[in-house]
Amino acid sequence: MAAIVRLSSVCRRGINRNLVRLTVFACAMQITQCANSLLILALTAGSASKAASLHWTAERVLSILLLAMAPVAYYNPGPVMDYSLAAALTLHGHWGIGQVLTDYVHGDTKIKIAKAGLFLLSTVTFSGLCYFNYNDVGICKAIAMLWSK
Amino acid sequence: MANRLICGTPGLISVTRTLGRQGVCLSRPQYAVLCRHVVPMGTTAKEEMNTFWAKNSRSNRPLSPHLTAYKWTMPMMMSVAHRGTGIGLSGAVSAVAVAALVLPGNYPYYLDLIHSLSFGPFLIGLAKLGIAFPLSYHAFNGIRHLIWDIGKGFRMAEVYRSGYAVIGLSIITSIALVLR
């Protein structure tokens, strides 16, 4: 993957654009699979309620992290903040909408379909934001440009 | 007597002795240290919920007039607004991400495109407010939720007071963001 990234940094436009998109997508999938395997570990180690409790705590930790990121991104814009913001924003949104689905969608198949759709949306969102960070100005710069209008 | 050997602290001794008498868990010494008096449940929470929804959607009973029968209170509306702004903001982020993947040009190109349409300052301010207010409201109400999560501020007076504080702070912050 590193070779592909290096190649595409040399020839930014045209043929390698789709390749970069694919690798960003694959990267996003890897990270979410990692998170899922951590959850499975929690499930096997304890019980379903233990996993749910850990999830609750993780949601609050992420919310606090995201709140802290705002002033840091304002005073220290750059690629590190861009990618951290992309990850935190997507995950916070994913978990938030997950709670909304849990509240309003009932029945095993409907829940499964809804959760699958959400997973797809979040993966696409994260890939899109990473793509924007890599191939375009990046989140921090984009907000700065938009606001100076 | 084996129980006393396993759990040294005096407080635990009485507990383990009573548990030992009931013959739960502690009869096996390897489980003695971390054992709780656990009764296995007949059904899981998920099973219970599914049964409830299956039975009630099958019976086609009318839904309780929960939205029309009760007075719309401030905390209720703020909770709905928190969810609404959350969904809206998440949708906006996803839309930007999809646009970045799908649209041909780059960001400065589209920003210049909007510039060239030369909207007046009032409309630009309104658009900025449309982004700033939901964001500030969701952030401040989020802090209010986090304070609830540590167990503080549940008294009715506190709920209303923190609610008004959130609304006030959101308005001030969003206007400050638009005017800078």
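In segment B:46-60 there is at least one residue matching the filter, namely being at pLDDT 85 or above, open to solvent by 80 Å² or more (accessible area, probe 1.4 Å), in a helix (DSSP H, G or I) and in contact with a Ser or Thr (Cβ under 9 Å, 6 or more places away or on another chain). For segment A:93-108, which positions are more than 8 Å from chain B (Cβ to nearest Cβ) and either open to solvent by 40 Å² or more (accessible area, probe 1.4 Å) or more than 24 Å from A:Ala68 (Cα to Cα) (or both)? If the condition is that a residue be more than 8 Å from chain B (Cβ to nearest Cβ) and either open to solvent by 40 Å² or more (accessible area, probe 1.4 Å) or more than 24 Å from A:Ala68 (Cα to Cα) (or both), then A:His94, A:Trp95, A:Gln99, A:Leu101, A:Thr102, A:Asp103, A:Tyr104, A:Val105 are the ones that fit.
The selection criterion, being modelled with pLDDT of 95 or more and either in the same structural domain as A:Phe132 (by TED's automatic domain parsing) or open to solvent by 90 Å² or more (accessible area, probe 1.4 Å) (or both), does not hold for A:Ile111. Being in a helix (DSSP H, G or I), open to solvent by 90 Å² or more (accessible area, probe 1.4 Å) and more than 10 Å from chain A (Cβ to nearest Cβ), is that true of even one residue in segment B:130-145? No - not one qualifying residue is present in segment B:130-145. Here A:Val80 meets each of (1) within 7 Å of chain B (Cβ to nearest Cβ); (2) among the aliphatic types (A, V, I, L, M); (3) open to solvent by 60 Å² or more (accessible area, probe 1.4 Å) with one exception, condition (1). Remark: B:Ser116 matches the filter, which requires a residue to be surrounded by fewer than 12 Cβ atoms within 10 Å (Cβ to Cβ) and of a type in the set (Ser, Thr, Tyr). When residues in segment B:56-83 are screened for being touching a helix residue (DSSP H, G or I) at 6+ places or on another chain (Cβ under 8 Å) and under 21 Å from A:Val100 (Cβ atoms), 5 of them pass. Among the residues of segment A:133-142, write down those that are touching a residue at least 24 places away in the same chain (Cβ under 8 Å) and either of a type in the set (Val, Ile, Thr) or surrounded by 23 or more Cβ atoms within 10 Å (Cβ to Cβ) (or both). Scanning segment A:133-142 gives a single hit, A:Ile139.
The values are calculated or read from the model by the stated rules, or taken from the named source; none is laboratory data. Remember, predicted model here, so these are calculated numbers, not experimental data. So basically every Cβ, Gly included, is an ideal-geometry build from the backbone, and we count neighbours across all protein chains shown. SASA here: full protein model, heavy atoms, side chains in, ligands and nucleic acids out. Shrake-Rupley method; radii C 1.70, N 1.55, O 1.52, S 1.80 Å.
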